[in-house]
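The values are calculated or read from the model by the stated rules, or taken from the named source; none is laboratory data. As the structure is a computational prediction, the values presented were derived from the model and not from experiment. Please note: Cβ atoms are built from the backbone with ideal geometry, for glycine as well, and neighbour counts cover all protein chains shown. These accessible areas exclude ligands, DNA and RNA; they are computed on the full protein's heavy atoms, side chains included. Shrake-Rupley method; radii C 1.70, N 1.55, O 1.52, S 1.80 Å.
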Amino acid sequence: MSITLDQYRQWLAERHSVRAFTSELVDPALIQDIFTAAQQAPSNCNSQPWRVWLVRGEACERLRQQLVTAVSQGEIYPQDFTSVENFSGLYRERQIDCARALYDAMGIERADKPARLEAMLRNYAFFDAPHVVFIGMNKAFGYNNALDVGIYVQALVLAMHAAGVGACVQGALAHHAPLVRRFLNMPEDVGLLTGISFGYPAQKPANAARTTRAALAEIVTVIE
Ligand SMILES: Cc1cc2nc3c(=O)[nH]c(=O)nc-3n(C[C@H](O)[C@H](O)[C@H](O)COP(=O)(O)O)c2cc1C
């Protein structure tokens with residue numbers, strides 16, 4: 001079985017983050033197939049350092065409520081792994097472009113701080129998705145292992161895309177690690193890296209947002 005590079009490129013470009021979901025559940029057998037497919041992700045020494053918690057049904061509702069309540073009350077928890085949230089220069093420009101794409105699609109003015117805050121809070125409601133998956137790795141691991149987990153995350157999101165299931169990778173869901181850890185009963189030696197809300201896309205303005213990518217010349221240096 002093979003696909004052409006052109007087909008692959010087009011298929012990759014079709015995927016986009018989904019930030020509004022219907023309440024329709026993804027069939028458990030399809031979820032099983034999606035996660036089985038993602039297990040093919042390569043990793044350093046085949047160590048497969050990703051740890052995965054799938055939350056659905058009534059548990060998903062309870063966690064959604066707990067997170068929204070905590071974040072609305074301004075509770076800030078430390079993250080398990082250090083991360084750079086304040087981009088500068090070129091990276092800041094791309095961050096602004098990405099936020100603008102979302103807010104424009106949602107009809108939110110840049111100056112409308114309450115509406116932007118509301119949109120940000122949707123992260124913690126899992127954008128109404130009926131399922132969310134949390135992904136972590138051993139706290140003692142380093143960047144090389146996090147790279148493996150990133151490759152797994154991409155494999156998972158693309159497996160969802162192939163199955164017609166929408167998803168949004170959410171670094172925001174790692175911002176409340178102690179609450180999530182308690183809820184999931186995660187072992188203390190495992191750190192939370194990210195969460196991914198997933199389900200069937202709803203016909204909502206947020207899902208019309210599209211992002212662009214930098215030109216190759218900005219990214220790739222050719223040495224010959
Ligand atoms: C590691 C990672 C963390 C992300 N965190 C968030 C997040 O917390 N909230 C959100 O709405 N989108 C989040 N995104 C989605 C990105 O904004 C999105 O992938 C990017 O703007 C490109 O858009 P696209 O996915 O539609 O192609 C994240 C994506 C990645 C890969």
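One Cα centroid belongs to segment 22-67, the other to segment 209-224; the line between them spans 31 Å.
Please give me the summed charge of the neighbours of Met137: other residues whose Cβ is under 14 Å from its Cβ, Lys and Arg +1, Asp and Glu -1. Local net charge: -1. Summing +1 for each Lys or Arg and -1 for each Asp or Glu among the other residues whose beta-carbon sits under 15 angstrom from that of Ala202 gives +1. FRET efficiency for the pair Ser88 and Ala29, taken as 1/(1 + (r/R0)^6) with r the Cβ-Cβ distance and R0 = 41 Å, rounds to 0.35. Pop the C-beta distance of Asp128 and Cys45 into the FRET formula with R0 = 35 Å and round what comes out to the nearest 0.05. E(calc), rounded to 0.05, equals 0.35. For segment 1-138, the solvent-accessible area with a 1.4 angstrom probe is 64 square angstrom per residue.
Taking the accessible area of the chain, probe 1.4 Å, and keeping the other protein chains in place, the carbon and sulfur fraction comes to 55%. Note on Ala105 and Gln7: with the Förster distance fixed at 41 Å, the Cβ-Cβ geometry gives a FRET efficiency of about 0.90. Where does the chain land at 222 nm, in deg cm²/dmol rounded to the nearest 500, when only DSSP H runs of n ≥ 4 count, each adding -39500 (n - 2.57), divided by all residues? It lands at -13500 deg cm²/dmol.
A simple count of charges around Ile96, restricted to other residues whose Cβ falls under 13 Å of its Cβ and scoring Lys, Arg +1 and Asp, Glu -1, yields +2. Per residue, the solvent-accessible area of segment 144-195 (1.4 Å probe, heavy atoms of protein chains only, all protein chains present) comes to 34 Å².
Build a GNM of the chain with springs between Cα atoms under 10 Å apart, and of Arg64, Arg15, Arg110 the one that fluctuates most is Arg110.
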